[in-house]
Amino acid sequence: MGKGGEKGEESGECKAQIPLYTWEEIQKHNLRTDKWLVIERKVYNVTQWAHRHPGGHRVISHCAGEDATDAFQAFHINPTLVQKFLKPLLIGELAPGEPSQDRDKNPQLVEDFRTLRKTAEDMNLFRASPLFFSLYLAHIIALEALAWLMVSYFGTGWITTLLLAFILATSQAQAGWLQHDFGHLSVFKKSSWNHLVHKFVIGHLKGASANWWNHRHFQHHAKPNIFKKDPDVNMLHVFVLGDTQPVEYGKKKLKYLPYNHQHEYFFLIFPPLLIPVYFQIQIISTMIKRRFWADLAWAFSYYMRYFITYIPFYGVLGSLSLLTFVRFLESHWFVWVTQMNHIPMEIDSEKHKDWLSSQLAATCNIEQSFFNDWFTGHLNFQIEHHLFPTMPRHNFWKVKPLVKSLCAKYGVQYEEKPLGKAFVDIVGSLKKSGDLWLDAYLHK
């Protein structure tokens, strides 16, 4: 009994020696060279480890000085396994008197969302259907085969080539939605299998980089529509977004472009050029600068396959022109689908909202239909996807009623609209922001 008592006392002493921190102290550690974050009331110093983070150092840095519990749960399909990597980074816990959430977040809302997530897990909504994803991959391969058969049997006339380009653009767009699934670890139970097939789909089927996509896209999910954190709203001074940035630019008399006409020049430079120009330059330069040699090899295999297939019919220059036109078509598809859920929503600086509120403020849904599901890769369920990034997309409709109910309980806006209106709202939002800029530029 004596030894047992001594062990109990030692355990108590070890527990007492764990450093305790207040939110005031934790929030000071949100610098480039000093990063702390909180997961389930435990405090971790991730300063040195951030650069080894598989999802990229920026996404973890964006959560510095905050409670990252919900983000941690959202991005990892096996949090228990990942916790092992966190153990060496543990430096203490929240002091007993400190709330579990930072910055006056509604603790009951946060708790209810976590309960909703547990309910979704109990309903097996995070379990993927092998048949769904197998058929999805098969229809992409079938489109590629159809394109080759067309040019083989009907030659390289203008009509055939135009149809061929649309088929290949469709294949590329659908492969883009499929790589998105594997990138979010939503297909296989093991992360390694998701990563491997992700490299195959985005690399061999699309000629892009898995690491480039991961490091960029995860930032968007962690902090959607947040300036300086979400790369998707970093418009490089080409556009001004939301309600605050245009006024800020206007007051400072910044006029890189005539922003009051951005809703017009949007059609000329955003949908046509994003993929064939900006993304292509960024992807290739990123793979080389960061030495993503495996990604470069996968991308090279795509271009080898493409040119071996089409140079016999179109020659080198013709094949390059065809590929550029395919990227041009795909870019329009990609831009309209990906921007309709975000540009018309709140775009602002960091407000430190809870996970549910921050995701709902930045995203909206598009009405469900078989065509909308296929055309958008289920990104018409953008709200559910942002709340649960690792959930297989074929289950979004099942969790949707639970999400809507929780939003109604706490007065969080859940926005859903027709596909056509979503497209119109992109242009309307750009015009509104441009008008705000012009007014501030002229009168403030």
In terms of the Cα gyration tensor, with a ≥ b ≥ c the square roots of its eigenvalues, is region 366-444 rounded because a/c is under 1.5, prolate because a/b exceeds b/c, or oblate? prolate
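Evaluate region 191-238: find the radius of gyration of its Cα atoms, find its Kirkwood radius, and give the ratio Rg to Rh.
Answer for region 191-238: 1.09.
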Which value results for Rg/Rh of region 279-434 when Rg is the Cα radius of gyration and Rh the Kirkwood radius based on the inverse mean 1/r? 1.07
Can you tell me the orientation of helix 293-339 relative to the chain, as the angle in degrees between its alpha-carbon axis and the longest Cα principal axis, to the nearest 10? 60 degrees
In Å, what is the Rg of the alpha-carbon atoms in region 22-80, and how long is Dmax? 10.8, 31
Scattering curve values for region 258-355, log₁₀ I(q)/I(0), Debye with Cα scatterers, q = 0.15, 0.17, 0.20, 0.23 Å⁻¹: -0.85, -0.98, -1.12, -1.21
Add -39500 (n - 2.57) for each DSSP H run of 4 or more in the chain, then divide by its residues: what number comes out at 222 nm, to the nearest 500 deg cm²/dmol? -19000 deg cm²/dmol
Where Rh is the Kirkwood radius over the Cα pairs of region 69-169, the temperature 20 °C and the viscosity 1.002 mPa s, what D in µm²/s does Stokes-Einstein return? 112 µm²/s
Per the rule of 0.36 nm per residue minus the C-alpha distance, extending D439 to S191 adds in nm 84.3 nm
Using only the alpha-carbon atoms, what does region 107-245 span along each of its principal axes? Please give whole angstrom values in decreasing order. 65, 44, 23
Quick calc: nm separation of the 7 Å Cα→Cβ label points for K398 and Y265 -> 4.8 nm
Of P272, S285, I311, which is farthest on the positive side of the dipole of region 269-358, counting Cα position, with +1 on Lys and Arg Cβ, -1 on Asp and Glu Cβ, and the Cα centre as origin? I311
Cβ-derived FRET efficiency at R0 25 Å, K421 paired with K255, nearest 0.05: 0.20
Accessible surface, the chain, averaged per residue in Å² (probe 1.4 Å): 49 Å²
Full-stretch length increase - S134, L90 - with 0.36 nm per residue and alpha-carbon distance subtracted: 11.7 nm
One quarter of the C-alpha convex hull surface, i.e. the mean projected area of region 165-228 in nm², amounts to 5.1 nm²
Taking the chain as the region of interest, what is the percent of Cα-Cα pairs per 20 angstrom bin, listed from the shortest bin to the one with the maximum distance? 22, 54, 21, 3, 0
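The values are calculated or read from the model by the stated rules, or taken from the named source; none is laboratory data. This is a predicted model, so every value here is computed, not measured. No Cβ is skipped: glycine too gets one built from the backbone with ideal geometry, and neighbour counts run over all protein chains shown. The area values use the complete protein model at the heavy-atom level, side chains included, leaving out ligands, DNA and RNA. Shrake-Rupley method; radii C 1.70, N 1.55, O 1.52, S 1.80 Å.
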